[in-house]
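The values are calculated or read from the model by the stated rules, or taken from the named source; none is laboratory data. Because the structure is a prediction, the values reported are computed rather than measured. When we count neighbours, we look across all protein chains shown, and the Cβ atoms used for this are built from the backbone with ideal geometry, even at glycine. Heavy atoms of the whole protein, side chains included, go into the accessibility calculation; ligands, DNA and RNA do not. Shrake-Rupley method; radii C 1.70, N 1.55, O 1.52, S 1.80 Å.
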Amino acid sequence: MSTQVPDQTDDESSASEAETAPAAQQRRMEKKRQRAAEAEETRQTEEAEAALAETETYHLKVFRYDPEIEGKKEPRFDDFHVPYHKGMTVLDALMYARDTYDSSLTFRHSCRQAICGSDAMFVNGRQRLCCKTQLSDLEEPVRIEPLPHQEVVKDLVVDMEHFYDQMEAVEPYFQTNDLPEGELEEQRQSRENREKVKMSTRCIWCGACMSSCNIAAGDNQYLGPAAINKAYRFTMDEREGEDMKQHRLEILEQEHGVWRCQTQFSCTNVCPKDIPLTEHIQELKREAVKSNLKFW
Amino acid sequence: MYEHDVIVVGAGGAGLRAAIAAQEEGADVAIVSKLHPVRSHTGAAEGGINAALREGDSWQDHAYDTMKGSDYLGDAPAIETLAQDSPEEVIQLEHWGMAFSREEDGRVSQRPFGGLSFPRTTYAGAETGHQLLHTMYEQLVKRGIEVYDEWYVLDLAVSDEDAPEDRSCHGVVGYDIQSGNIEGFRARDGVILATGGPGQVYDHTTNAVSNTGDGVAMAYRAGVPMEDMEFIQFHPTTLPSTGVLISEGVRGEGGILYNGEGERFMFEYGYASNDGELASRDVVARAELSEVNAGRGIEDEYVHLDMRHLGEERIIDRLENILHLAEDFEGVDALEEPMPVKPGQHYAMGGIETDENGETCVAGLYAAGECACASVHGSNRLGGNALPELIVFGARAGSHAAGRDLGEAEIPTGKRGEWEAGDVETPVEPGAVEPEVEADTSGDAVADGGSGLDPDGFVERAAERATERVEALLANEDGRNHAEIRADVQQSMTENVNVFREKAGLEQALRDIRAAREAYRDVGVADQSRTFNTDLLQTIETRNIIDLAEAITLGALVRKEFRGAHWRKEHQERDDENWLKHTLLSWNDGSPELWFKPVLLEGEDKRYEPKIRSY
């Protein structure tokens with residue numbers, strides 16, 4: 001996609017400059033031309049090999065479903081054979097399949113760099129972010145399905161509403177009654193405290209954790225790892241103050257809150273941002289116990 | 001029909017900030033966005049937010065650096081507004097709980113960035129945009145602001161007077177991606193476009209797949225001029241295989257660029273003898289490609305960015321995200337080896353022409369963020385100046401649309417101020433191809449002359465036209481696939497309208513764009529489903545990409561000088577005599593019209609005299 005074949009006119013103009021340049025420059029230009037020729041040769045050989053060898057393609061089995069299109073109302077798997085290049089991700093392969101073979105193949109994606117959180121899917125039996133999953137790390141055929149435990153809208157697109165509702169159920173915004181005086185005065189926060197909440201702020205709302213959680217699958221009201229982690233981010237932030245911390249722990253201690261977690265670590269295992277979700281939930285349980293003791 | 005006081009299109013940094021500001025002003029505001037807010041590309045910003053917060057720094061210095069960085073093509077009223085409002089906006093973010101990196105004394109950290117005379121870039125690791133986006137979305141949830149997420153805006157509802165300056169905007173037409181329903185959205189007080197950049201015009205870009213310049217294209221076809229589109233920023237440090245961004249923060253913290261011979265070329269070849277790696281982005285990007293073209297690149301493609309000497313502790317503390325990006329997208333362990341980097345499309349300095357309150361020449365239509373051009377960045381944006389632009393001008397557009405008096409704007413919009421006609425010779429006719437499948441429906445506001453419609457009527461009419469367009473695209477089931485057309489445009493733009501530009505290449509790009517327009521006449525949508533039809537959406541986005549590619553190329557062809565990010569082989573000098581002016585392009589019902597307006601160098605209490613720009 002991005003590798004530009006050396007441009008012919010470019011080479012020519014550089015070459016004419018080289019005539020007046022010092023000898024070292026000439027040698028470099030010579031080397032450059034040589035390398036370009038070699039690269040072109042390699043490319044041609046590679047292409048020829050790719051054309052010959054079946055092994056240069058990856059076999060994808062992709063889940064398909066559309067509630068209104070004949071033949072897709074019953075879920076099925078479609079096979080795609082995608083030419084492989086080094087560094088190709090699952091997202092690259094899906095985009096290739098869509099742009100080349102079937103423009104109705106539908107999936108969410110945007111940033112391609114693991115920050116927008118759109119493309120979490122169930123790849124070879126595990127929740128993964130497609131844009132940061134290398135094809136070369138996967139067994140063939142690569143089976144791509146929508147996130148489990150969520151309603152499928154179409155193909156690989158799931159309904160995220162329930163996930164968003166849970167995220168928004170924990171008062172997911174900073175609250176304090178104690179802002180510093182003076183228009184341009186910031187609140188102070190220690191480096192240690194910032195470090196403590198850092199990992200929890202990395203969440204990209206991809207939903208992989210929620211989809212992997214057995215408890216969330218069985219209890220629709222369970223807040224789930226992502227929402228609890230969001231609450232952790234504020235509960236542990238020293239800028240909010242003790243009263244607010246107490247208030248947050250009350251939210252988290254509700255029937256479908258932290259105590260539901262059975263520390264199976266599945267959320268932690270699938271988190272593409274390496275957030276220690278289970279540890280955060282455990283820590284909140286301890287905080288809740290501590291604060292309950294305090295009030296006895 | 002839905003109805004609100006203010007409608008914001010797009011939910012990145014500028015859109016969220018605009019919505020919050022409008023609500024604080026008492027407006028009933030709603031956001032319509034093709035993505036859920038947290039998916040917006042603001043989240044990918046890494047480096048930081050420039051704000052003069054500390055003793056020894058001042059908004060005047062920030063303004064001066066920005067004007068110099070713009071190569072004297074920014075407008076002083078916009079630049080000074082940015083520099084004045086940024087500190088307050090940054091502290092506001094801190095008060096909303098944003099997780100900034102901190103100093104020992106607990107205050108927010110700042111670091112050096114390219115082209116700055118003071119280390120004024122406030123940051124949160126190398127994930128500042130992510131922290132900013134989520135902090136603002138949290139505020140949206142707190143305030144209960146309504147979001148129509150995964151609704152794609154197909155068009156604006158603009159009245160149809162002859163002169164764009166006499167028109168007014170009454171709402172938008174939305175397409176519910178989940179259901180395929182089309183609805184009008186009436187905006188009683190204003191529509192704010194915050195739709196981001198046009199990175200997908202190029203194939204090697206740091207931008208998201210969603211960055212297709214929709215808002216700019218819609219406004220353009222409704223009569224609002226596009227300003228300074230030729231100025232595209234190529235970021236000097238993107239990963240060669242994917243275009244993923246490696247933050248300028250790496251160089252800010254002391255990262256060094258080496259060529260294939262291990263030379264620190266920024267100094268050794270005199271590209272920037274004072275500031276070296278921390279010269280302005282345009283300077284560094286050209287230096288890298290010059291090295292590669294002189295045969296001193298690595299694999300004839302890229303150079304090395306080395307940060308190993310900073311030490312693991314400092315890297316993890318301030319640049320941890322970079323380690324993940326280099327590992328995941330280039331397979332490089334940046335603690336052990338240098339990272340390969342090359343220039344990639346990153347940012348559009350130009351966009352929808354606005355004043356410093358975010359308002360366009362069409363009454364009730366605003367734009368803020370990367371889609372807008374006030375102009376803050378002129379011909380080159382400084383690192384760390386995009387995020388403050390989002391929050392400063394997002395807030396201003398939001399509160400102004402909701403009725404707050406921000407004083408009369410000094411920047412004239414449309415042909416209200418001084419202007420001169422422009423002309424450029426092109427190898428093919430730019431603009432609409434006749435008969436265009438969409439000519440009646442794509443937002444040509446003057447299609448049927450004075451209609452005497454009321455505001456609801458304009459929204460209804462726009463919705464009807466958008467419906468016709470969607471039906472026409474779906475009916476052409478066996479038409480051309482948009483993906484090919486898009487790829488052709490992207491490749492031509494990367495080849496011909498890149499860092500180094502020459503006349504023949506620009507002309508070739510115009511021919512390719514014309515060919516894409518011809519091909520687009522027969523574009524169709526194979527997916528016949530109304531449910532989550534991304535085939536349809538991408539087909540519509542592709543049309544926007546074509547319009548923007550043409551505007552960028554026309555601007556590049558007409559501007560016969562070298563200024564900021566715009567380098568021309570045939571014109572190697574900045575020409576203040578003839579080119580101290582903005583390029584504007586009006587759609588003019590399908591026959592694009594080029595014109596110019598002067599740059600405003602007169603600041604609040606001084607004039608910014610153009611000087612030779614050296615780093």
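Do we find that B:V224 is away from chain A (no Cβ under 12 Å), open to solvent by less than 10 Å² (accessible area, probe 1.4 Å) and assigned to a loop (DSSP other than H, G, I, E, B) in this structure?
Judged against the criteria, B:V224 is a match.
Restricted to the range B:1-53, and to residues that are polar (S, T, N, Q) and either over 26 Å from B:G115 (Cα atoms) or not in a strand (DSSP E or B) (or both), which residue is most open to solvent (accessible area, probe 1.4 Å)?
Just the residues of the range B:1-53 that are polar (S, T, N, Q), to begin with: B:23, B:33, B:40, B:42, B:50.
Checking which are either over 26 Å from B:G115 (Cα atoms) or not in a strand (DSSP E or B) (or both) leaves us with B:23, B:33, B:40, B:42.
Values: B:Q23: 59, B:S33: 9, B:S40: 14, B:T42: 22 Å².
Looking at the filtered set, the residue picked out is B:Q23.
Could you say which residue among B:E418, B:E408 is surrounded by fewer than 24 Cβ atoms within 10 Å (Cβ to Cβ) and without any contact (Cβ under 8 Å) to a residue 24 or more places away in the chain? Outline the logic, then answer.
Values: B:E418 fails: without any contact (Cβ under 8 Å) to a residue 24 or more places away in the chain.
Among B:E418, B:E408, only B:E408 is surrounded by fewer than 24 Cβ atoms within 10 Å (Cβ to Cβ) and without any contact (Cβ under 8 Å) to a residue 24 or more places away in the chain.
Filter the range B:102-125 for residues that are at negative phi and surrounded by fewer than 24 Cβ atoms within 10 Å (Cβ to Cβ) and give the result.
Start the filter on the range B:102-125 by keeping residues that are at negative phi, which leaves B:102-105, B:107-114, B:116-124.
The answer is B:R102, B:E103, B:E104, B:D105, B:R107, B:S109, B:R111, B:P112, B:S117, B:F118, B:P119.
Go through the residues of the range B:126-138 one by one and say whether even a single one is over 22 Å from the mean Cα position of the chain (by Cα) and either open to solvent by less than 20 Å² (accessible area, probe 1.4 Å) or of a type in the set (A, V, I, L, M, F, W, C) (or both).
Applying the first criterion (over 22 Å from the mean Cα position of the chain (by Cα)) to the range B:126-138 yields B:138.
In the following step, the residues that additionally are either open to solvent by less than 20 Å² (accessible area, probe 1.4 Å) or of a type in the set (A, V, I, L, M, F, W, C) (or both) were identified as B:138.
Checked against the condition, which is being over 22 Å from the mean Cα position of the chain (by Cα) and either open to solvent by less than 20 Å² (accessible area, probe 1.4 Å) or of a type in the set (A, V, I, L, M, F, W, C) (or both), the range B:126-138 yields at least one hit.
Taking the criterion of being under 30 Å from B:I315 (Cα atoms) and either within 14 Å of chain A (Cβ to nearest Cβ) or among the small types (G, A, S) (or both), would at least one residue in the range B:137-158 satisfy it? Walk me through how you get there before you give the answer.
Looking only at the range B:137-158, we keep the residues that are under 30 Å from B:I315 (Cα atoms), and these are B:137-138.
Still in the list and also either within 14 Å of chain A (Cβ to nearest Cβ) or among the small types (G, A, S) (or both): B:137-138.
Yes, some residue in the range B:137-158 is under 30 Å from B:I315 (Cα atoms) and either within 14 Å of chain A (Cβ to nearest Cβ) or among the small types (G, A, S) (or both).
Could you grab the pairs with beta carbons closer than 6 Å, sequence gap of 6+ or different chains, first residue in the range B:529-546 and within 14 Å of B:E477 (Cα to Cα), second one modelled with pLDDT of 95 or more and part of a helix (DSSP H, G or I)?
B:T539/B:L473; B:T539/B:H482
Of these, B:S70, B:S86, which one is touching a residue at least 40 places away in the same chain (Cβ under 8 Å) and touching a Ser or Thr at 6+ places or on another chain (Cβ under 7 Å)?
Numbers: B:S86 fails: touching a Ser or Thr at 6+ places or on another chain (Cβ under 7 Å).
None of the others qualify; the one that does is B:S70.
So, in the range A:89-128, of the ones that are among the small types (G, A, S) and part of a helix (DSSP H, G or I), which residue ends up farthest from the other protein chains (Cβ to nearest Cβ)?
Applying the filter and picking the extreme gives A:A93.
Would you point out which residue out of B:R613, B:R563 is surrounded by 22 or more Cβ atoms within 10 Å (Cβ to Cβ), in contact (Cβ under 8 Å) with a residue 24 or more places away in the chain and in contact with a helix residue (DSSP H, G or I) (Cβ under 7 Å, 6 or more places away or on another chain)? Walk me through how you get there before you give the answer.
On the way: B:R613 fails: surrounded by 22 or more Cβ atoms within 10 Å (Cβ to Cβ).
From the options B:R613, B:R563, the qualifying one is B:R563.
Might you let me know whether the range B:179-196 holds any residue that is open to solvent by less than 10 Å² (accessible area, probe 1.4 Å) and among the polar types (S, T, N, Q)?
no
Kindly indicate the residue of the range A:150-170 that is in contact with a His (Cβ under 8 Å, 6 or more places away or on another chain) and not polar (S, T, N, Q) and also surrounded by the most Cβ atoms within 10 Å (Cβ to Cβ) among those meeting that condition. Can you show your working first?
Kept after step one, since they are in contact with a His (Cβ under 8 Å, 6 or more places away or on another chain), are these residues of the range A:150-170: A:150, A:160, A:164.
After this cut, where a residue has to be not polar (S, T, N, Q) as well, the list is A:160, A:164.
Working: A:M160: 24, A:Y164: 18.
This residue is A:M160.
Restricting attention to helices (runs of 4 or more DSSP H) lying wholly within the range A:173-250, give those where 1 or more residues are over 30 Å from A:P146 (Cα atoms) and within 14 Å of another protein chain (Cβ to nearest Cβ). Step through it out loud before you land on a result.
Values: elements: A:191-198, A:208-212, A:214-218, A:224-235.
Because the criterion is at least 1 residues that are over 30 Å from A:P146 (Cα atoms) and within 14 Å of another protein chain (Cβ to nearest Cβ), the helices (runs of 4 or more DSSP H) in the range A:173-250 that meet it are A:191-198, A:224-235.
For the range A:205-213, indicate whether the set of residues that are buried (at least 19 other Cβ atoms within 10 Å of the Cβ), more than 28 Å from the chain's Cα centre (by Cα) and more than 19 Å from A:L284 (Cα to Cα) is non-empty. Even if it seems obvious, please write down each step before you answer.
Filtering the range A:205-213 down to residues buried (at least 19 other Cβ atoms within 10 Å of the Cβ) leaves A:205-213.
Subset that is more than 28 Å from the chain's Cα centre (by Cα): none.
No, every residue in the range A:205-213 fails to be buried (at least 19 other Cβ atoms within 10 Å of the Cβ), more than 28 Å from the chain's Cα centre (by Cα) and more than 19 Å from A:L284 (Cα to Cα).
Confirm whether A:E140 is at negative phi and more than 8 Å from chain B (Cβ to nearest Cβ). Let's see the steps before the verdict.
Working: at negative phi: yes; more than 8 Å from chain B (Cβ to nearest Cβ): yes.
Judged against the criteria, A:E140 is a match.
Residues being within 14 Å of chain A (Cβ to nearest Cβ) and within 19 Å of the chain's Cα centre (by Cα): count how many of those fall in the range B:14-30.
Total satisfying the criteria: 1.
I'd like to verify a number: residues in the range B:287-319 that are under 27 Å from the mean Cα position of the chain (by Cα), open to solvent by less than 30 Å² (accessible area, probe 1.4 Å) and charged (D, E, K, R), how many?
1
Go through the residues of the range B:23-38 one by one and say whether even a single one is of a type outside the set (G, A, S), over 23 Å from B:D275 (Cα atoms), out of contact with any Leu (no Cβ under 6 Å at 6 or more places or on another chain) and without any contact (Cβ under 8 Å) to a residue 24 or more places away in the chain.
Filtering the range B:23-38 down to residues of a type outside the set (G, A, S) leaves B:23-25, B:28-29, B:31-32, B:34-38.
Filter again for over 23 Å from B:D275 (Cα atoms), leaving B:23-25, B:28-29, B:31-32, B:34-38.
Checking which are out of contact with any Leu (no Cβ under 6 Å at 6 or more places or on another chain) leaves us with B:23-25, B:28-29, B:31-32, B:34-38.
Next cut, without any contact (Cβ under 8 Å) to a residue 24 or more places away in the chain only: none.
The answer is no, given that none of the residues of the range B:23-38 is of a type outside the set (G, A, S), over 23 Å from B:D275 (Cα atoms), out of contact with any Leu (no Cβ under 6 Å at 6 or more places or on another chain) and without any contact (Cβ under 8 Å) to a residue 24 or more places away in the chain.
Give the residue that is nearest to A:C130 (Cα to Cα), with candidates limited to residues of the range A:50-83 that are at pLDDT below 95 and in contact with a helix residue (DSSP H, G or I) (Cβ under 7 Å, 6 or more places away or on another chain).
A:E56
Can you name the residue in the range B:524-541 that is of a type outside the set (S, T, N, Q) and under 14 Å from A:R64 (Cα atoms) and is also surrounded by the most Cβ atoms within 10 Å (Cβ to Cβ) among such residues?
Looking at residues that are of a type outside the set (S, T, N, Q) and under 14 Å from A:R64 (Cα atoms), I get B:F532.
Just the residues that are buried (at least 21 other Cβ atoms within 10 Å of the Cβ), away from chain A (no Cβ under 14 Å) and in contact (Cβ under 8 Å) with a residue 24 or more places away in the chain, please, taken from the range B:254-271.
Selection gives B:G255, B:L257.
Being within 30 Å of A:G125 (Cβ to Cβ), assigned to a loop (DSSP other than H, G, I, E, B), open to solvent by 20 Å² or more (accessible area, probe 1.4 Å) and touching a helix residue (DSSP H, G or I) at 6+ places or on another chain (Cβ under 6 Å) narrows it down to one of A:T268, A:T263, so name that one.
Values: A:T268 fails: assigned to a loop (DSSP other than H, G, I, E, B).
Going through A:T268, A:T263 in turn, the sole match is A:T263.
Every residue in the range B:94-114 that is at the interface with chain A (Cβ under 9 Å from one of its Cβ atoms) and not in a loop (DSSP other than H, G, I, E, B), please.
Within the range B:94-114, B:E94, B:H95, B:R102, B:V108 qualify.
I need the full set of residues from the range B:485-498 which are more than 12 Å from chain A (Cβ to nearest Cβ) and either closer than 16 Å to B:A285 by Cα or outside any helix (DSSP H, G or I) (or both), in order please. Show your work before the answer.
Here is the first cut: in the range B:485-498, the ones more than 12 Å from chain A (Cβ to nearest Cβ) are B:488-489, B:492-493, B:497.
Within the range B:485-498, just B:V497 meets the criteria.
Could you please find all residues in the range B:166-180 being outside any strand (DSSP E or B) and either touching a Lys or Arg at 6+ places or on another chain (Cβ under 6 Å) or aromatic (F, W, Y) (or both)? Outline the logic, then answer.
So in the range B:166-180, the residues outside any strand (DSSP E or B) come out as B:166-167, B:177-180.
Passing the criteria: only B:G180.
Could you say whether any residue in the range A:146-153 is assigned to a helix (DSSP H, G or I), free of Cβ contacts under 8 Å to residues at least 24 places away in the same chain and outside the structural domain of A:N269 (by TED's automatic domain parsing)?
no
Looking at the range B:432-443, is at least one residue at pLDDT below 95, surrounded by fewer than 22 Cβ atoms within 10 Å (Cβ to Cβ), of a type in the set (D, E) and touching a Gly at 6+ places or on another chain (Cβ under 9 Å)?
yes
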